[in-house]
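Let me begin by presenting the structure, written as structure tokens, before commenting on it.
The values are calculated or read from the model by the stated rules, or taken from the named source; none is laboratory data. In this text, all values refer to a predicted model and were calculated from it rather than measured experimentally. Cβ sites come from the backbone with ideal geometry, for glycine too, and all protein chains shown count toward neighbours. These area figures cover heavy atoms from the full protein model, side chains too; ligands, DNA and RNA do not enter into them. Shrake-Rupley method; radii C 1.70, N 1.55, O 1.52, S 1.80 Å.
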Amino acid sequence: MSSRSLRPSRLSAADILRTGAVGLRARRARVVLSALGIAIGIATMVAVVGLSTSSRAHLMAQLDRLGTNLLTAEANEAPDGGPAKLPRNAVAMVERIGPVQQATATGQISAQVRRSDAVPLDYAAGVGTQAARPDLLRTLGARVGEGRWLDRAGERLPVVVLGPVAADRLGVTGPGEKIMIKDTWFVVTGILEPVELVPALDRVALVGYPAAERYLGFDGHPTTIFERSSDDSVEDVQGVLARSVDPGHPGSVSVSRPSDALAAKATTDEGLTALMLGLGAVALLVGGVGVANTMVISVLERRQEIGLRRAIGATRGAIRTQFLTESLLLSALGGVAGAALGAAATWGFARAQGWLVVIPPWAVAGGLGATLVIGVIAGLYPAVRASRLHPTVALNAT
């Protein structure tokens, strides 16, 4: 037989995987501990991306539902430095702006809110009082959780609607109970659901304008104007709103867009996501070091096995392939477990928060891809070291 016809045998892909898996099965406890580092890193990265994406999806859904066309105009400071007052007819003036579709207002009232007359004034519950118009909820897109809202008849009577935080602080559990505002008993007719665009209303007691003037000494001047306009004209309205509310002192009117707070929150989440991804990458790097350490120890422990395989004809390339495959399988085991753990954590937390669960496929694919890269890098040096062992030296190792 000619020497040219003698070629080293080649292992099939199935044989390579089977050979690489032998070392993992023989040292299961070490494999689990090594794969754990990879799993933690991948789980962190998948969970961070999934939770961030789910949170942004929830915020975007909120913005779509609540709208981004709400503007508020609030009394700032008067030119003399004192507290400013908006004109009593400010709402009517805002309604004259062409693109404006809805406009309403609330007015701050200086009146203590107590659970009963037995509570001293010094121990008030920290609940503010505001006068409100019947169209406030429709303009804000808010809803009543229990009971009913102020109507044209109720706004003239000593009745009150509480924000959810205000109701909790006062110990009010439902409509029909009484609270004391200033020196007058008011009947609670409703409790609001959280007002997402204007969370300050969650902590106040709302009474009708006429009732506030009659029972609480309200002067009728609004403190905050709320208006909605068409989406494509919001910026135009924002530019003229202050002058329309108070033509004489536009500088004493502060105009804002409540939906900007939700958009800013989404931007903040992006920065936090980048930070957490960095931490996940560090955990993944630590896991890769653990895999490399495991593979180096494996080479030292299995020198006789390596020497025997070389003695019966295994090439250096076959030895390198065996240990690289073993490293890849070890990393892949941790990567798959980490991706599953990260996805499960994302699903559980997002569902608990009431968010839409969104796990980007690229996050899982990127995590698994990073796992394979880590496996190659971690296994390269041990594989090369194993392939360079001389058969005679390896077989004589103790």
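Worth a mention:
- Search result, residues across the range 354-363 that are modelled with pLDDT of 85 or more and not in a loop (DSSP other than H, G, I, E, B): Pro361
- The range 196-248, subset in a strand (DSSP E or B) and among the β-branched types (Val, Ile, Thr), residue surrounded by the most Cβ atoms within 10 Å (Cβ to Cβ): Val207
- When Leu140, Leu197, Leu121, Leu162 are checked against the criterion of being of a type in the set (A, V, I, L, M, F, W, C) and at pLDDT 90 or above, a single residue qualifies: Leu162.
- Subset of the range 186-195 that is crowded, with 20+ Cβ neighbours inside 10 Å and β-branched (Val, Ile, Thr) - its residue that is farthest from Thr139 (Cα to Cα): Val188
- A count restricted to the range 145-185 and to residues that are open to solvent by 40 Å² or more (accessible area, probe 1.4 Å), farther than 13 Å from Ala205 by Cβ and either part of a strand (DSSP E or B) or among the charged types (D, E, K, R) (or both) stands at 8.
- Selection from the range 84-103 of residues that are open to solvent by 90 Å² or more (accessible area, probe 1.4 Å) and either more than 21 Å from Phe226 (Cβ to Cβ) or not in a strand (DSSP E or B) (or both): Lys85, Arg88, Glu95, Arg96
- Residues considered: Thr106, Thr139, Thr129. Of these, the only one that is over 17 Å from Val187 (Cβ atoms), part of a strand (DSSP E or B), touching a Lys or Arg at 6+ places or on another chain (Cβ under 9 Å) and open to solvent by less than 20 Å² (accessible area, probe 1.4 Å) is Thr106.
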